[in-house]
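Everything below concerns the one structure shown next.
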Amino acid sequence: MNTKLIHLKIKDIQPHPKNPRLIMRDDVLATICAGIKSDGFHESNALQVMPDGDAYTVLGGHHRLEAAKRCNLETVPCWVRDDLSEDDAFMLLVTDNAQGELSPLEIGMHALHYAEKARGKEGKGLAAYAEKLGRDNSHLGKYRNAAEVATTCGHMAISSLLDKARHLAAIHSL
């Protein structure tokens with residue numbers, strides 16, 4: 001197990017398929033791009049990735065990766081994380097994004113996937129998940145229920161539902 005900082009080719013890095021961030025924020029991308037154009041992509045902003053066959057999957061830094069693509073960079077600095085279990089890597093997705101103010105629906109999407117994956121594992125239920133995130137279990141349950149309803153609407157509709165978690169949770173109850 002070794003965590004190391006290396007520069008990777010952008011073409012070899014893929015977004016995580018279960019990234020809780022449902023849409024890229026144009027304002028965030030514009031700010032990151034301006035910084036890249038002004039100062040380059042500094043190593044202090046390195047992505048966190050995990051090996052995935054011959055490629056790498058992003059655990060932290062989806063916006064930074066997209067901004068680097070838009071700025072036509074060929075490589076970016078990355079912390080290669082081969083020191084994480086699959087569960088720890090999945091949790092890093094949401095804890096890294098917590099700084100980026102995920103919407104309740106995005107948090108619910110991650111909780112929904114985590115709860116499905118962890119079903120039946122001792123200590124891995126929604127209460128343990130909420131504790132890891134420092135969130136209230138009852139709110140997290142509502143967010144997860146909202147995400148369950150939102151997934152039935154299709155991917156295109158989800159971005160228009162980001163601020164509707166409370167309504168979707170009520171629909172789930174019905």
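List of remarks:
- Residue within the range 15-27 that is within 30 Å of Gly125 (Cα to Cα) and among the charged types (D, E, K, R) present: yes
- When Leu73, Leu84, Leu140, Leu92 are checked against the criterion of being closer than 26 Å to Leu5 by Cα, part of a helix (DSSP H, G or I) and modelled with pLDDT of 75 or more, a single residue qualifies: Leu92.
- The range 20-33 - residue that is under 21 Å from Leu93 (Cα atoms), part of a helix (DSSP H, G or I) and of a type in the set (A, V, I, L, M) and, of those, least open to solvent (accessible area, probe 1.4 Å): Leu29
- Meets criteria (of a type outside the set (D, E, K, R), open to solvent by 60 Å² or more (accessible area, probe 1.4 Å), out of contact with any Gly (no Cβ under 7 Å at 6 or more places or on another chain) and outside any loop (DSSP other than H, G, I, E, B)) for Pro17: no
- Any hit, the range 34-49, residues being surrounded by fewer than 19 Cβ atoms within 10 Å (Cβ to Cβ), in a helix (DSSP H, G or I), free of Cβ contacts under 8 Å to residues at least 24 places away in the same chain and within 20 Å of the chain's Cα centre (by Cα): yes
- If only residues of the range 113-128 that are in a helix (DSSP H, G or I), modelled with pLDDT of 70 or more and under 19 Å from Ser85 (Cα atoms) are counted, the one that is least open to solvent (accessible area, probe 1.4 Å) is Tyr114.
- Residues being open to solvent by 60 Å² or more (accessible area, probe 1.4 Å) and either of a type in the set (Val, Ile, Thr) or under 17 Å from the mean Cα position of the chain (by Cα) (or both) - total across the range 51-65: 2
- Filtering the range 25-47 to residues that are among the small types (Gly, Ala, Ser) and either at pLDDT 90 or above or in contact with a Pro (Cβ under 9 Å, 6 or more places away or on another chain) (or both) leaves Gly40, Ser44, Ala46.
- Going through (1) open to solvent by less than 20 Å² (accessible area, probe 1.4 Å); (2) more than 29 Å from Ala111 (Cα to Cα) one by one, Ala68 falls short only on (2).
The values are calculated or read from the model by the stated rules, or taken from the named source; none is laboratory data. Not measured: the values here are computed from a predicted model. No Cβ is skipped: glycine too gets one built from the backbone with ideal geometry, and neighbour counts run over all protein chains shown. The protein model used for the area step is the full one, side chains on, heavy atoms only, and it has no ligands, DNA or RNA in it. Shrake-Rupley method; radii C 1.70, N 1.55, O 1.52, S 1.80 Å.
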